Amino acid sequence: GRGSDLAGTRVLISAGGTREPLDPVRYLGNHSSGRQGVALAKAALARGGQVTLVGANLEVPPPDGISLVPVSSAAELAEAMLREAAQADIVIMSAAVADYRPASVETTKIKKTSANEELTLRLVRNPDILRSLVQARSDRSVTDQVIVGFAAETGDADGTVLDHARKKFEAKGCDLLVVNKVGTGVGFGTDGNRVDILARRRPGGEPEVIGSADGSKLAVSHAVIDALGVLR
Ligand code: C5P
């Protein structure tokens, strides 16, 4: 067993999917259930970690024994993660964050009128929280915090999934990237997941696959935590 290898380790995890408000009753959302992030929280807890879970619209219950910070929008998730990361040894961004949000949030419900057969929404880019966490770490000159990102990639017909993932790894600046193959009966809303885990084996090295997992989201979570052992 993995025993208590995370004893005394503060683990911060984001889970779920953000909702970007349009008006008081509507939002733009995504299909993330929070299952993978909640499974990570369970795995980290089982291994003795001190877990904080920033949960965006979770469809599954988080375990007892963790500290839960509920959020909804990407802006709220960013604020909570940047605040909590100052006290974390391991930071895992498993939440599905909206890339865009409505440019303005109406204070009253958007009405349909006969003059409005079409409605155009203007969206603006959300900040990349994972990159902000990496930036905040270097601003604080912290050297021992480990930051983990997720990448959902579809299709591997042309065998470019890992190429994309390597580029994403470099662009995000995280230490570990969990590459999640979606759209093959695994991923959103299911209990199974199939991942490759990318990291550099030594500082300055090329990102390479240092682990893989195919199984329940809990099994995948344990494989991700095992992979952290290579870095720490
Ligand atoms: O860029 P892409 O969405 O593919 O990257 C996925 C990773 O980046 C995930 O770890 C996700 O939580 C994170 N992310 C983020 N902020 C965003 C978009 C994605 O932290 N605005």
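The numbers here are math on the coordinates, done by the rules we state, and not lab data. These figures come from a predicted structure and were not determined experimentally. Quick reminder, even Gly has a Cβ in these numbers, built from the backbone with ideal geometry, and neighbours come from all protein chains shown.
Rounded to the nearest 500, what is the 222 nm mean residue ellipticity of the chain from helices alone, with -39500 (n - 2.57) per DSSP H run of 4+ residues and division by all residues?
-8500 deg cm²/dmol
For the stretch 93-232, take the alpha-carbon Rg, divide it by the Kirkwood Rh, and send me Rg/Rh.
Rg/Rh for the stretch 93-232 comes to 1.09.
Neighbouring Cβ atoms within 10 Å as the yardstick, rank S14, S212 fewest first. Let's see the in-between values first.
Numbers: S14 31, S212 13.
Ranked by crowding around the Cβ, least crowded first: S212, S14.
Amide H neighbours of S73 under 5 Å, at least 5 residues apart or on other chains, H built in the peptide plane: list them.
Close amide H contacts, sequence-distant or interchain: R19.
Quick one: putting +1 on the C-beta of Lys and Arg, -1 on the C-beta of Asp and Glu, what dipole do you get for the chain around its Cα centre, in Debye to the nearest 20?
Numbers: 28 positive and 28 negative charges, 57 e Å.
For this selection, approximately 280 debye.
Taking Cα centroids, how far is the stretch 99-125 from the stretch 78-96 in Å?
The stretch 99-125 and the stretch 78-96 have Cα centres separated by 31 Å.
Sort E118, E84 so that the residue with the fewest other Cβ atoms within 10 Å of its own Cβ comes first and the one with the most comes last.
If I rank by nearby Cβ atoms, fewest first, I get E118, E84.
From the backbone phi of the stretch 17-24, what are the Karplus-calculated ³J(HN,Hα) couplings (6.51 cos²θ - 1.76 cosθ + 1.60, θ = phi - 60°) in whole Hz, Gly and Pro given as x?
The phi angles translate into x, 7, 10, 9, x, 9, 7, x Hz.
So how do T108, T160 line up by other beta-carbon neighbours within 10 Å, fewest first? Walk me through the intermediate numbers first.
Numbers: T108 8, T160 12.
In order of increasing Cβ crowding within 10 Å: T108, T160.
Under the rule of at least 5 residues apart or a separate chain, name every residue whose amide H is placed under 5 Å from the amide H of L22.
The list, which skips near neighbours in sequence, is Y27, L28.
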